[in-house]
Amino acid sequence: MVRDMSMEVRVAAFDALGKIGVVSEDILLQTLSKRVLGITKEKKPLGQCSAKRKSLGQYIPKHFDIQACVAAGAFVHGLEDEFYEVRWSACHSLHTLTILSAKFAGEALNLLMDVLNDDSLNVRLRALETMHHMATCDHLKVQETHMHMFLGTLVDNSTFIRSTARKILRLMKLHDLKMFQSSIDGLLENLEVYPQDEADILSVLFDIGRNHGNFVVCIIKKFSQEIEPSCEGRLDFDSVRVAALLVLAISAPLSEAQKVCSIPSRIFSYAVTLLGRISHALKDVMNQNTLLAYLSHCSKSTIVDNSESFFPMIEGDIPNCSCIDMISPAGMSLQQGASENENQKRLEPRKSATPLLDCQLEVHSEVAKSIKLILLKINDIWFLVQKGCMAEVLRMLRSFREELATYMSDSLVSADTLAFTFQYLRVVKLLAKVWEHFLPPRKTQSYRIGELNLLLGKLDRNLKEMRYRFRGLSKEEELHVLELILVTCILRLSKVEICCHNATLKKLSMIISHAEFLHKEGSIEPYNFVVELKKSLGEIDTYNDGASCRPFLLKRLLESFSLKQFRLSGSPKHIKAEIDLPGNDTEPLPFISGLPVGIPLEITLYNVSSENRLWLRMIVHEQLMEFVFLDLNQSGGCDEVRKFTFMAPFYRTPKAMSLTLRVCIGMECLFEDVNLITDCGGPTRELVYICQEKEVYLGMIPW
């Protein structure tokens, strides 16, 4: 079947092969060779079952020989197929089968190395992921002949290819110094060509060094001239290569092969000057305080010659009083005859007006690179979504969120940009989950009733927040959000069981009109999906009777959609609010049943302009809800921050001894043409809520 005329059949055949759990090693090896192996020509039985039956003198059918002939070169044909879908499926099958036999994995590695030159990014990525899987199962036996082909992936144009190759290097066992040297050179070249990969490369170097401590000592001796300070006593702090070599050097004492530390102690002192840079890269291994203690211990473990020159802390580094003793030779003991004041001045870190500013710029630049890299990786995973690899997609998105979360505690980082990126990650996650419902079903797949409708509702709500809760988006960024809204509308129209076709069609027309306006105003070329949708809009509108609209038409539109890379050019402003009622947690607000009550709320608004229409929603239950309009012209402050006290009237107090009032602030979506019918004089358009609900406790005053 892997040689069938139909491409779809060949893909299905390899998918089926990947699900085989028990198979003879001889058959597996035969799939990697077009030449029928000698053991088969001699008609020796293949497989455990046949061997057992022969030992018992039982009859062995001839189809065991036929299997070997049919299996000959199956994976060779698959990996050389003209269609990338077949090549991808063949790699995916190897991903599973290499677990069964170390010998088979070793032979398959020769074919996978050739696949690394494939024209398709997705096929190269699948081949690398298969190698990584082999490494985790301890079946990856890389030879010196493989190194040149493999290390070439470290300078691939794809960020994801480079990242996966580095994951393999973390687990790879390098048997001789030449292979180790080649790996280090490959990583240093990766660092030189793609400096944005610095954090991950430093982390990989640290892991490789721990696994090959003896080789590290030899390498550091070779590169010692690059690490040492210049004749003026200065270290090249701007060189990422020096940082990489220092990380490699400090990893050696943690190696099991290194019983005695052979790295000069001054190397660890040099590493302290790059403490922030190194600790960021090794955050998954140790925090900054642990790293500092480790470097301090190693720098003092060997007596340092007093002739070694002391290099002062460079302006722009963050001074740390606890590490001053450590970075000086022999503790830099106080000179005899010097006064305590002089010694105190000697030990005080140099004051400068620039360190904080330099640190802010460095952190902002670091976060911007991380966000840009994450947005690039999100674009790469859409192929996995289309293939239905949801477990892998969700794992990757979760790792992106965890990476961004490391910056949340830093006050120097732009919280607005991080909030926007988090929002985009939520949208992509929901879109992937919705898209899964439109893929061909699997036998083990089952969905709860109404699950798709629930997911689409969450996706709509998150897209609405992305569109309205962030100011300062460029036209390209806004068009990207609009395209996601359009594809959500098509997904909603594609399911018969989901109602509200008329409202969806109306929204579809409005979004397309607004997108056309932005295209003309910004002279921007529309996406292919939007072009196809505009052509088909009239045909879709003819089916507005609540039934599903032309399933083949909608399917063709969905096939034309591909998630584009989101390029965040500026720093969007996050519109949000905070509500507080001091003392209400311990003492309820008094009220008289049936009479209005005033609720003194302390409100803080961020990035809200006077053009925004805000409403205060107060709700006891679904049937008892009131809205109060917030007039921003009467509040003080500026657009960035407005802080004021507002006495919110709640008129319809129920007959109850106590009640809990849930208060929230919503903002009207000005481009939404949906009229809300309320009996409490509320907003006329849909609201997007910009703060968390605040519970207000009220206690009745007895008559």
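The values are calculated or read from the model by the stated rules, or taken from the named source; none is laboratory data. Just so it is clear, the structure is predicted and the values come from calculations on it, not from any experiment. When we count neighbours, we look across all protein chains shown, and the Cβ atoms used for this are built from the backbone with ideal geometry, even at glycine. Areas reflect the complete protein model, heavy atoms only, side chains present, ligands, DNA and RNA absent. Shrake-Rupley method; radii C 1.70, N 1.55, O 1.52, S 1.80 Å.
Laid out as a table, the results:
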| item | result |
| --- | --- |
| Segment 416-431 residues that are farther than 12 Å from residue 566 by Cβ, paired with ones that are of a type in the set (S, T, N, Q) (beta carbon under 7 Å, 6 or more apart) | 416/571; 417/571; 426/462; 430/462 |
| Options 577, 547: the member that is at pLDDT below 85 and open to solvent by less than 50 Å² (accessible area, probe 1.4 Å) | 547 |
| Selection within segment 67-111 - among the acidic types (Asp, Glu) and in a helix (DSSP H, G or I) | 85, 107 |
| Test result for residue 130, β-branched (Val, Ile, Thr), under 26 Å from residue 78 (Cα atoms) and buried (at least 18 other Cβ atoms within 10 Å of the Cβ) | yes |
| Residue 668 open to solvent by less than 20 Å² (accessible area, probe 1.4 Å), at pLDDT 85 or above, among the acidic types (Asp, Glu) and over 13 Å from residue 618 (Cα atoms) | yes |
| Top-ranked residue of segment 155-171 - restricted to ones that are open to solvent by 10 Å² or more (accessible area, probe 1.4 Å) and more than 20 Å from residue 381 (Cα to Cα), ranked as nearest to the chain's Cα centre (by Cα) | 170 |
| Output for segment 148-178, where each listed residue is part of a helix (DSSP H, G or I) and within 14 Å of residue 209 (Cα to Cα) | 166, 169, 170, 171, 177 |
| Criterion (modelled with pLDDT under 85, assigned to a helix (DSSP H, G or I), open to solvent by 10 Å² or more (accessible area, probe 1.4 Å) and of a type outside the set (Ser, Thr, Tyr)) met by exactly one of 232, 226 | 226 |
| When residues of segment 607-656 are limited to those that are over 16 Å from residue 576 (Cβ atoms) and aromatic (Phe, Trp, Tyr), the one least open to solvent (accessible area, probe 1.4 Å) | 650 |
